[in-house]
Structure formats: structure tokens, C-alpha cells
Amino acid sequence: MQTSPQPIDPRRLRLRRMKLAASGLLVLMLAGFALSHAMGLRGGWAWLAAFCEAAAVGALADWFAVVALFRRPLGLPIPHTAIVPRSKDRLANSLAVFVRDHFLAPESLLEKLRVFDPAARLGQWLAEPEQARRLAGMARGWALQALDLLDESAVRVAIQQFVVGRLRSWNAAGTAGEVLGILTADGRHQELLDEALKRIGRWLDNPAVKARASALIVRYARREWPKLMGTVDLIKPVEEIGDSLAQRIAAAALEELQLVLSTPGHPLRKDYEEWLSGYVVRLRSDPDLAARVEEIKQNLIDHPAVQDYVRGLWDQVHATLRTNLETPDSTLARHLERSLQALGEALGRDPSLREALNTHLTSAAESLTTRLRSGVTDHIAQTMKNWDERQLTEIVELAVGRDLQYIRFNGTLVGGLIGLVLHALVVLTPL
């Protein structure tokens with residue numbers, strides 16, 4: 001399989017053209033010098049020879065200086081040449097320190113951060129409904145990605161272990177005692193008793209309940225006293241007697257319930273008070289009762305239905321979260337958008353909130369900058385030190401090589417002008 005050729009860096013092409021142009025100018029000066037000598041160095045040829053000779057010397061000197069920065073001229077081991085590759089480690093350390101002191105200085109960064117006033121700018125940005133909607137959409141996208149990255153089986157096991165562990169460590173008896181203690185405070189347990197009695201009264205006054213009570217009485221009587229019930233049937237149907245008895249029992253019970261409801265000091269209330277108070281004390285102090293409650297709790301926890309429910313908690317949470325996050329107008333999305341916009345409005349009108357947020361941001365930035373300074377410095381220095389010399393030379397040369405070639409142009413022209421000046425001094429100065 002053939003691979004397509006890699007595109008050539010345009011900087012490298014421009015640098016090559018500049019090198020060729022500078023070298024061509026040097027060749028041109030040497031050719032002019034040779035031509036002027038061939039013409040006998042008379043008249044204008046002498047001036048051309050002076051210009052070309054000095055220009056060639058200047059061009060060669062600057063060529064040597066430029067080349068010596070990156071490599072050894074003509075491969076010769078001349079001292080103090082190939083400066084960039086030989087000084088790689090020193091350049092790396094110097095650049096790293098320069099970045100640290102000029103770009104990561106905590107004082108300058110924090111001053112710029114204070115002038116920037118990030119809290120006010122954030123408030124202005126969030127106060128725009130469109131910006132809040134956009135940020136809420138981004139947050140929903142991030143949350144969806146986080147959901148996709150979660151290992152669902154691991155999360156399911158973790159939730160089960162957490163919930164079951166908390167349930168097992170929960171002191172059910174103590175909690176029940178505390179709850180009942182709260183219920184008994186200020187007579188609230190009597191209100192609970194009143195409500196229970198009212199519900200029992202409504203239940204007893206229900207015709208269907210009375211019918212079931214009558215059927216129960218008749219069935220019991222026929223089973224226990226069959227001969228007597230046969231004789232009674234000759235006088236009056238037992239069912240009518242059962243209905244009447246059920247009505248009377250219900251009426252008596254309702255009357256008693258009404259008496260309990262209307263009498264604060266009724267004996268039933270006192271018995272209820274004593275039983276409940278004693279039970280609360282036992283829940284708090286009786287180890288046998290606490291052990292029985294604990295046993296009931298553990299049996300409930302170990303029940304397969306409870307275990308299945310706990311294992312399914314993550315599935316329900318995951319499905320609900322995904323539905324809300326995927327729907328732009330869901331309750332969660334609208335709440336998030338409103339919260340972000342409200343935060344922006346609050347930042348706009350509350351100077352103390354802006355100041356508090358700026359203080360936190362400044363403190364966090366200072367701490368982060370302090371931690372990062374040494375790390376970034378070491379990273380820059382080590383990265384440059386890991387480059388091979390050819391890579392470093394190429395990077396630097398591509399960055400500044402064209403400007404260095406202009407030095408060769410300037411050296412050629414300036415050298416030529418100096419040659420003309422010197423030739424003029426020689427010609428015009430009397431012997």
C-alpha cells in the first residue's frame with residue numbers, strides 16, 4: 001500500500017529560497033571581483049573590484065557566523081561553532097526559567113486576574129438566557145458522557161454494598177424509640193390515637209363490615225351449637241339474629257369509641273399512655289427487645305425481594321438521569337438553566353458575592369500557580385533536553401533562519417559599501 005507523500009513545510013521552502021538567494025549574491029560578488037581583475041582593474045573596474053572584494057569578505061564572514069550557530073562550517077571542528085546544539089541543555093534551562101519568571105510569576109498573574117474581574121464577567125455572561133441555556137446543554141452533555149463511562153456493574157455492586165451496609169449498621173430499636181419519643185411529646189400520640197379511633201369507627205359503621213360480622217356470628221353459632229341453632233331457626237332465622245347482634249355490637253363499639261374520644265382521662269387513654277411510654281423505655285434500654293427488633297430488621301434485609309430492590313436502585317436512578325439529561329426541556333434541564341441564570345443575576349447585583357467569588361478564584365489560582373511553576377519549568381527543560389540536536393537545530397532554524405539570511409544580505413551590501421569607502425580614501429588621499 002502506497003502512502004501519500006508528506007506535505008513540505010512552507011517555512012522550510014522559504015528558508016531554502018533565502019539561503020539560495022544569499023549564496024547567489026555571494027557568487028555574484030566573487031564573479032564581479034574576478035571580472036574586474038580580468039579587465040585590468042582600470043577606471044570603474046577598480047571601483048567594482050573594491051566593492052565586490054569587500055562584499056564577498058562580508059558575505060563569507062556572515063555566512064560563517066550564521067552557519068556556526070547551527071552546525072560546524074564545512075564540517076570542520078572549529079571551536080565555538082555549532083552553538084545551538086552544543087548549548088541544548090543550557091538553552092533548555094534558560095528558556096524554562098524565563099517562562100517561569102515572566103509567564104508564571106504568581107504576582108503578575110494574580111494582578112491580571114484581579115483586573116479581569118472574572119466574577120463580574122461570569123455574571124454578565126450567565127445573565128443572558130441564551131448563554132445559560134448553552135452552558136446547561138454543555139453540562140448535560142458532560143453528565144451523559146460521565147454516565148456512559150461508568151461501569152454499571154461496579155456501581156450497582158457499590159450501591160448495594162453501601163445501602164445494605166448502612167441498613168445493617170442502623171440501630172433500628174434506638175431509632176424506633178426516638179421516633180416514638182417524638183410522637184409522645186406534647187400529646188401528639190393522643191392525636192394519633194384519636195385519628196386511629198375515628199378510622200376504626202368509620203370502619204365499624206360500614207354496612208359491608210357489619211354484614212361480614214353478622215355472617216361470622218351465624219357461621220360460628222351454627223358450628224358450635226348446631227342443635228340450638230336448628231331450634232332457633234323454627235322461631236326466627238338465625239341470620240336476622242346475627243344481623244341484629246352485629247348492629248348492636250357495632251353500635252356499642254361506636255358508643256365506646258365516642259366516649260373515649262370525648263373523655264381526655266378515659267381509662268383506655270391512660271392504658272395507652274402507660275403502654276406506649278413503657279414501650280419507648282424498653283426500646284431504649286431493654287437488650288432483649290432490641291435484639292428481637294434487630295433480628296426482624298436483619299431478616300427483612302436478607303429477604304430476596306429487598307435485595308432485588310436494592311440491586312435495582314441504580315437501574316432506576318440511571319434511567320431517570322439519562323431521560324432527564326437527554327431531554328432539553330426536562331425538569332432537570334430547566335432547573336439547571338434557571339439556576340445558572342439566577343447565579344448570573346445574583347453576581348450582577350451583589351458586590352459581596354462577586355468579591356467572595358473573586359477571592360476564591362484568586363486563592364485557587366495562586367495555589368495552582370505555585371504548584372505548577374516547578375512542574376512546568378521541569379517539563380519544558382526536560383522536553384527540550386530530550387530533543388536530539390538535529391531536531392532542536394531544525395526548530396530554531398525554521399523559526400529565525402530567514403532573518404539570519406537577511407544578515408548575510410546586509411553583510412554583503414555593507415561590506416561592499418565599506419570597500420568603496422576604503423577605495424575612495426586610497427584614491428583620493430594624496431601620497
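Taking the stretch 68-87 as the range and being open to solvent by less than 80 Å² (accessible area, probe 1.4 Å) and part of a helix (DSSP H, G or I) as the test, the residues that pass are Ala68, Leu69, Phe70, Pro73, Gly75, Ile83, Val84, Pro85.
Restricting attention to the stretch 88-130, the residues being assigned to a helix (DSSP H, G or I), under 30 Å from Asn324 (Cα atoms) and in contact (Cβ under 8 Å) with a residue 12 or more places away in the chain number 8. Does the stretch 343-360 contain any residue that is more than 17 Å from Gln124 (Cα to Cα) and not aliphatic (A, V, I, L, M)? Taking every residue of the stretch 343-360 in turn, at least one turns out to be more than 17 Å from Gln124 (Cα to Cα) and not aliphatic (A, V, I, L, M). Can you tell me which residue within the stretch 104-116, out of those that are crowded, with 16+ Cβ neighbours inside 10 Å and over 9 Å from Glu366 (Cα atoms), is modelled with the highest pLDDT? Across the stretch 104-116, the extreme among qualifying residues is Leu113.
Pull up the stretch 388-399, narrow it to residues that are open to solvent by less than 60 Å² (accessible area, probe 1.4 Å) and among the hydrophobic types (A, V, I, L, M, F, W, C), then point me to the one that is farthest from Asp9 (Cα to Cα). Ranking the qualifying residues of the stretch 388-399, first place goes to Leu392. Residues in the stretch 319-331 that are touching a helix residue (DSSP H, G or I) at 6+ places or on another chain (Cβ under 7 Å) and open to solvent by less than 70 Å² (accessible area, probe 1.4 Å): Leu321, Arg322, Asn324, Leu325, Thr327, Ser330.
Quick check: anything in the stretch 293-311 farther than 26 Å from Gly177 by Cα, of a type in the set (Gly, Ala, Ser) and under 60 Å from the mean Cα position of the chain (by Cα)? The answer is yes, given that some residue of the stretch 293-311 is farther than 26 Å from Gly177 by Cα, of a type in the set (Gly, Ala, Ser) and under 60 Å from the mean Cα position of the chain (by Cα). Assess whether Gly230 counts as being assigned to a helix (DSSP H, G or I), modelled with pLDDT under 80, small (Gly, Ala, Ser) and over 30 Å from Ala127 (Cβ atoms). So Gly230 fits the description; yes.
The criterion of at least 3 residues that are among the acidic types (Asp, Glu) is met by the following helices (runs of 4 or more DSSP H) wholly inside the stretch 255-319: 267-285, 287-302.
The values are calculated or read from the model by the stated rules, or taken from the named source; none is laboratory data. Please read all numbers here as calculations on a predicted model, not as lab measurements. In this analysis, Cβ positions are derived from the backbone assuming ideal geometry, glycine residues included, and neighbour counts consider all displayed protein chains. Each accessible area value is taken on the protein alone, full model and side chains, heavy atoms only, with ligands, DNA and RNA left out. Shrake-Rupley method; radii C 1.70, N 1.55, O 1.52, S 1.80 Å.
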